[in-house]
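The structure under discussion appears below in the form of structure tokens.
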Amino acid sequence: MVSEPDVAAFLTEDKSLLRLITCGSVDDGKSTLVGRLLYDSKAVLADQLTLLEADSRRFGTQGVQLDLALLVDGLAAEREQGITIDVAYRFFETERRKFIVADTPGHEQYTRNMVTGASTADLAVILVDARRGVLTQTRRHSYLAYLLGIRNIVLAINKMDLVGYDRATFDAIVAEYRAFADTLAIEHFVPIPVSGLVGDNVTNRSDNTPWYGGPSLMEYLETVDVGQVAQQVAPFRLPVQWVNRPNPDFRGFAGRIVGGRIAAGDEVRILPSGRTAQVDRIVTMDGDLPSAAAGQSVTLTLTDAVDCSRGDVIASTSSPPQIADQFESTIIWMADDEMLPGRSYWLKLGTQTVTANVQQPKYQINVNSMEHLAARTLELNAIGVANLSTDRPIVFEPYATSRELGGFILIDKVTNATVAAGLMHFALRRSQNVHWQALDVGREHHARLKGQKPAVLWLTGLSGAGKSTIANLIEKKLSLLGRHTFLLDGDNVRHGLNRDLGFTDADRVENIRRIGEVAKLMTDAGLIVITAFISPFRAERATVRQMMAPGEFIEIFIDTPLAVAEGRDTKGLYKKARSGELVNFTGIDSPYEVPDQAEIRIDTTAISPNEAAEMIVSALMERY
């Protein structure tokens, strides 16, 4: 047995590696069990081991239980410091194998942390308190583990000492779990009766369970086959992490091989471009290699000067991955705020980062019954299936085929917070059948014909702020200057294009998405587009900005205090909202997010609408 090793040396040592996750409900004893594994295998740091042994002599098993939990459980310190509970990783090894253990919190609100740990695990140890049996969180974690591709599952029925090592209790829990596992098509799991506190069946088989004839937990972990060889015989895949150019004569493409093998002289395909090339060298810090396999980080040089950059995938020519921009996927929602269908998020898959829109879920999954439930959105910890689209084609594989090219995260564009994890199922057929048609007359020609540069003047602010009045004056002034314009007004658009939308947050998101697409088409026609929409969310305004060419989107904040806007109330909407007749009204029971960096701010309490319009037109003309 050895002490806890240096991570770099640990990962490079020539010994099989098992990545596992411990999960289950709160207080099932995960951290104590992991501590027992480390303690009994003598795989803890020397000073900690001495302390544990001293406590064992002084206080017996209760003292060991306390120190075992403190050794591996970050919860106590995190509660004291008021920081987010995360995944605690532990590295240790025995004579037969190396281990990376992800100890994840059992609290439902930290399901995202469990997903983080499971995303790279080969095996899951699902703990069940023998006194409480199979709980909702047991089912949720089992489903997530299976969903994330873990096929080796240990059902560790813990705290058997507290039920008198009763075989009937053990058998009943196994039967209940098996009935649930059958609904997931989990064909095999290994149930083990354990006590993390006392050590029964953790590293050695226990005399307290003579009726149990299976392996101890450590025996199973040391011998289980996790199929690591299969990854190396899969088709070759290398997502490009960066382009390595230490000098003008060297250009290499660096990354970690996530599937298959590669050798100098092999022909490869660069995706998504589809160009082919031949591998010249396989470069590492320790020198060139004749070949490399999945799990190794290398730099490839190619014999041909092909275009290849971060986010591209270098792959086998005979069996390349797929390319598409519309997919069906499973979404695991991780944010406190519910998912807003139609909102744009950053989608990060491997080394690729693109803009993605998620549609309304097809259904949500009940983790207790596996029933498919109707859903308009997904809330915290919900799991559902939905279609999504990306702003450009990406290289992918179904998650069942490749975790690295099938698993993704969604990131909020405003806060940069990770809001969801996702698993690719398949490309939608329509994404393969719809292609961009190249046109001979482009946006530059349209703009030259009109003698102007296209732009979007995006007026945003509360209802009653004066957006429509100012927008109308802007268009009149630009018309007198001979400019070609079009005004999109919030109320007018809802009479036609967006008449099917209400005023929920999700409908507001879709409203602005459609307007953004229309505005983009109008700028392609060379027009100056003026819009007057409340557009309450920063994320949607940022999305429209990203649709436009650099410098074409001009955000104009019509800054009117709520009291002033409500005092005007020309349409009587505030009165209805205050009385409860009108729900989801911005400023009353629906939020308005003030622009962070609007190009123009108009204080309507200080200047007239005509002065505001003149200021905006002058600012636009200065940009020409």
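Can you give me the convex hull volume of the Cα atoms of the chain, divided per residue and expressed in Å³?
Details: hull volume 129.7 nm³, N = 624.
So the per-residue Cα hull volume is 208 Å³.
Just to confirm the number: angle between the C-alpha axis of helix 609-622 and the first principal axis of the chain, 0 to 90 degrees, nearest 10?
Here the helix axis deviates by roughly 80 degrees.
Taking H as built 1.01 Å from N, whose amide H comes closer than 5 Å to the amide H of residue 312, not counting residues under 5 places away?
Distant-sequence amide H within range of residue 312: 240.
Determine the percent antiparallel among the DSSP beta bridges restricted to the chain, to the nearest 5. Walk me through the numbers before you get to the answer.
Working: 73 of 116 bridges.
That works out to approximately 65 percent antiparallel.
Tilt of helix 136-147 relative to the longest C-alpha principal axis of the chain, in degrees (0 to 90, nearest 10)?
Result, in degrees: 80.
So if we plug the beta-carbon distance of residue 284 and residue 440 into 1/(1 + (r/R0)^6) with R0 = 60 Å, what FRET efficiency do we get, rounded to 0.05? Let's see the in-between values first.
On the way: r = 49 Å, r/R0 = 0.82.
Step by step, r from the Cβ atoms, then E = 0.75.
Can you find, among 537, 179, 20, the residue sitting farthest towards the positive end of the charge dipole of the chain, where Lys and Arg contribute +1 and Asp and Glu -1 at Cβ?
With unit charges placed on the Cβ atoms, the residue in question is 537.
Please report, in debye to the nearest 20, how large the charge dipole of the chain is about its Cα centre when each Lys and Arg carries +1 at its beta carbon and each Asp and Glu carries -1 there.
Working: 64 positive and 78 negative charges, 356 e Å.
In debye, rounded to 20, the chain gives about 1700.
Mind jotting down the distance between the C-alpha centroids of the range 337-354 and the range 212-282, whole Å?
The range 212-282 and the range 337-354 have Cα centres spaced 26 Å from each other.
On a 0 to 90° scale, report how tilted helix 61-72 is relative to the longest principal axis of the chain, with both axes built from alpha carbons and the result rounded to the nearest 10.
The two axes meet at around 40 degrees.
Toward the positive end of the charge dipole of the chain, about the Cα centre and with charges on Cβ (Lys, Arg +1; Asp, Glu -1), which of 490, 315, 114 goes farthest?
490
How much length is gained if the chain between residue 562 and residue 275 is pulled fully straight, taking 0.36 nm per residue apart and subtracting their Cα-Cα distance, in nm to one decimal?
Numbers: separation 287, 0.36 × 287 = 103.32 nm, distance 5.70 nm.
Result: 97.6 nm gained on full extension.
With every protein chain kept in the model, how would you rank 95, 517 by accessible area, 1.4 Å probe, largest at the top? Don't skip to the answer; put the middle values down first.
Details: 95 140, 517 80 Å².
In descending accessible area the options line up as 95, 517.
Over the heavy atoms of residue 615, what accessible area does a 1.4 Å probe trace out, to the nearest 10 Å²?
90 Å²
Which of the listed residues, 511, 357, 274, is farthest toward the dipole's positive end in the chain, when Lys, Arg count +1 and Asp, Glu count -1 at the beta-carbon?
Looking along the dipole axis, the top candidate is 511.
Show me, for the range 496-507, the HN-Hα J-couplings you get by feeding each phi into the Karplus relation (A = 6.51, B = -1.76, C = 1.60, θ = phi - 60°), rounded to Hz, glycine and proline as x.
x, 3, 10, 5, 7, 9, x, 10, 5, 4, 5, 5
Rg to Rh for the range 583-624: what is it, with Cα atoms only and Rh by Kirkwood? Before the final figure, lay out each step's value.
Details: Rg = 14.1 Å, Rh = 12.6 Å.
Over the Cα atoms of the range 583-624, Rg/Rh equals 1.12.
Okay, which of the range 526-547 sit inside 11 Å, backbone N to the point 7 Å along the Cα-Cβ direction of residue 355?
Counting only backbone N, you get 540-547.
Taking the Cα-to-Cβ direction at residue 338 and at residue 305 and moving 7 Å from each Cα, how far apart do the two end points lie in nm?
5.6 nm
Rounded to the nearest 500, what is the chain's calculated 222 nm mean residue ellipticity when only DSSP H runs of at least 4 contribute -39500 (n - 2.57) each, over all residues? Can you show the working numbers first?
Details: 20 runs with 194 residues, N = 624.
Helix contribution divided over all residues of the chain: -9000 deg cm²/dmol.
Can you pull the one-decimal nm distance between simple spin-label points at residue 175 and residue 500, each 7 Å off the Cα toward Cβ?
Between residue 175 and residue 500, the simple spin-label model gives 5.2 nm.
Provide the FRET efficiency to the nearest 0.05 for the residue 151-residue 545 pair, computing r from the beta carbons and using R0 = 56 Å. Before the final figure, lay out the partial values.
Details: r = 44 Å, r/R0 = 0.79.
It comes out at approximately 0.80.
In the range 143-181, whose amide N lies under 18 Å from the spot 7 Å out along Cα-to-Cβ of residue 371? List them in ranges.
Under 18 Å, as judged by backbone N against the label point of residue 371, lie 180-181 of the range 143-181.
Long-range amide H contacts for residue 426: which residues qualify at under 5 Å (H placed 1.01 Å from N, peptide plane, sequence gap of 5 or more or a different chain)?
The answer is 328.
Got a sec to turn the phi values of the range 277-283 into Karplus ³J(HN,Hα) couplings, 6.51 cos²θ - 1.76 cosθ + 1.60 with θ = phi - 60°, whole Hz, x for Gly and Pro?
3J(HN,Hα) across the range 277-283, in whole Hz: 7, 10, 6, 8, 9, 10, 9.
Size of the dipole of the range 129-258 about the Cα centre, Lys and Arg at +1 and Asp and Glu at -1 on the beta carbon, nothing else charged, in debye to 20? Could the numbers behind the result be given before it?
Working: 13 positive and 13 negative charges, 144 e Å.
The calculation lands at about 700 debye.
Report, please, the projected area of the range 560-600 averaged over directions, based on the convex hull of its C-alpha atoms, in nm². Spell out each step's value before the answer.
On the way: hull surface 13.6 nm².
Quarter of the Cα hull surface area: 3.4 nm².
Please compute the modelled spin-label separation between residue 243 and residue 267, points set 7 Å along Cα→Cβ, answer in nm with one decimal.
2.4 nm
Express in nm, to one decimal, how much length is gained between residue 120 and residue 576 on full extension, taking 0.36 nm for each residue of separation and deducting their alpha carbon distance.
Numbers: separation 456, 0.36 × 456 = 164.16 nm, distance 5.27 nm.
So the extension gain works out to 158.9 nm.
Keeping all protein chains in the complex and leaving out DNA, RNA and ligands, what accessible area do you get for residue 136 with a 1.4 Å probe, in Å² to the nearest 10?
Accessible area, nearest 10 Å²: 60 Å².
Quick one: length gained pulling residue 26 to residue 589 fully straight, 0.36 nm per residue minus the C-alpha distance?
Once the chain is fully extended between residue 26 and residue 589, it gains 199.1 nm.
The values are calculated or read from the model by the stated rules, or taken from the named source; none is laboratory data. Just so we're clear, the structure is a prediction, and the values are computed from it rather than from any experiment. Every residue, glycine among them, receives a Cβ derived from its backbone with ideal geometry; neighbour counts consider all protein chains shown. Ligands, DNA and RNA are stripped out before the accessible areas are found, and what is left, the full protein with its side chains, is counted by its heavy atoms. Shrake-Rupley method; radii C 1.70, N 1.55, O 1.52, S 1.80 Å.
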